[in-house]
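Reading through the structure tokens given below for one structure.
The values are calculated or read from the model by the stated rules, or taken from the named source; none is laboratory data. Bear in mind that the values here come from a model prediction, so they are computed numbers and not experimental data. FYI the Cβ positions are ideal-geometry reconstructions off the backbone, even for glycines, and counts take in every protein chain you see.
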């Protein structure tokens with residue numbers, strides 16, 4: 001993850017970054033605590049719901065061991081609002097020069113999204129070497145990422161999109177993959193039932209995926 005700060009890369013914090021959609025603000029803190037307790041400290045809260053920014057603020061304030069970030073960042077306004085809310089990293093599904101400039105100027109680490117070789121080369125040209133690969137499965141999966149490794153070994157990725165507990169290890173085995181993003185440790189029925197013990201258990205299983213390689 002590229003940044004003007006000295007913050008460590010989110011790619012190196014854990015093998016899996018939970019991609020979280022918060023519908024009920026009351027769920028944000030207990031959900032984050034369960035994920036952190038399970039060994040997944042980097043948490044991407046997507047800006048897809050009206051309470052997303054408040055959720056980031058709540059997690060930043062009340063879960064000190066969490067490294068909370070903002071996902072689905074698609075505008076300079078998203079960047080500013082997310083950082084003001086307490087986001088410690090930014091993730092976008094794609095990028096433009098305007099968005100990249102805003103993320104670079106934010107002072108926090110960021111992962112711009114790519115799905116083509118040309119996008120990767122363009123970011124490398126701009127000094128960015130860590131990226132989100134999205135949508136991972138639809139864009140070519142492990143075969144595509146492996147093929148990028150030889151000509152572009154300096155690029156590292158967090159693949160996200162369609163990844164499951166079964167497919168995650170094959171991504172994590174690639175030299176150019178630092179971590180993967182996913183939401184399988186947050187099944188809808190567990191969140192609806194506020195079954196945070198189950199979320200913690202699933203997070204622990206996700207955190208152990210790299211050890212199993």
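Within the range 167-177, the set of residues being surrounded by 22 or more Cβ atoms within 10 Å (Cβ to Cβ) and in contact with a helix residue (DSSP H, G or I) (Cβ under 6 Å, 6 or more places away or on another chain) comprises 171, 177.
Listed by first and then second residue, the pairs linking a residue in the range 15-29 that is part of a strand (DSSP E or B) to a residue that is modelled with pLDDT under 95, with Cβ atoms under 7 Å apart and 6 or more places separating them unless they lie on different chains, are 16/209; 17/10.
Per the conditions (1) farther than 18 Å from residue 130 by Cβ; (2) over 17 Å from the mean Cα position of the chain (by Cα), the sole criterion not satisfied by residue 169 is (2). Return yes or no: is residue 64 part of a loop (DSSP other than H, G, I, E, B), over 26 Å from residue 26 (Cβ atoms) and either out of contact with any helix residue (DSSP H, G or I) (no Cβ under 8 Å at 6 or more places or on another chain) or free of Cβ contacts under 8 Å to residues at least 12 places away in the same chain (or both)? Here the answer is no, as residue 64 does not meet what is asked.
A quick yes/no check of all residues on (1) more than 28 Å from residue 84 (Cα to Cα); (2) part of a loop (DSSP other than H, G, I, E, B):
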{"position": "103", "(1), (2)": "no, no"}
{"position": "123", "(1), (2)": "no, no"}
{"position": "131", "(1), (2)": "no, no"}
{"position": "139", "(1), (2)": "yes, yes"}
{"position": "144", "(1), (2)": "yes, no"}
{"position": "153", "(1), (2)": "yes, yes"}
{"position": "190", "(1), (2)": "yes, no"}
{"position": "198", "(1), (2)": "yes, no"}
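Scanning the range 67-101 for residues that are part of a loop (DSSP other than H, G, I, E, B), under 14 Å from the mean Cα position of the chain (by Cα) and more than 18 Å from residue 36 (Cα to Cα) yields 72, 73, 92, 93, 94. Quick check, is residue 67 modelled with pLDDT of 95 or more and within 25 Å of residue 164 (Cβ to Cβ)? Against the criterion (modelled with pLDDT of 95 or more and within 25 Å of residue 164 (Cβ to Cβ)), residue 67 qualifies.
State whether the residues of the range 145-159 include one that is surrounded by 14 or more Cβ atoms within 10 Å (Cβ to Cβ), free of Cβ contacts under 8 Å to residues at least 60 places away in the same chain, farther than 23 Å from residue 110 by Cβ and within 18 Å of the chain's Cα centre (by Cα). No: zero hits. Just one residue in the set 7, 58, 42, 32 is modelled with pLDDT of 95 or more and either under 17 Å from residue 81 (Cα atoms) or surrounded by fewer than 24 Cβ atoms within 10 Å (Cβ to Cβ) (or both); that residue is 58.
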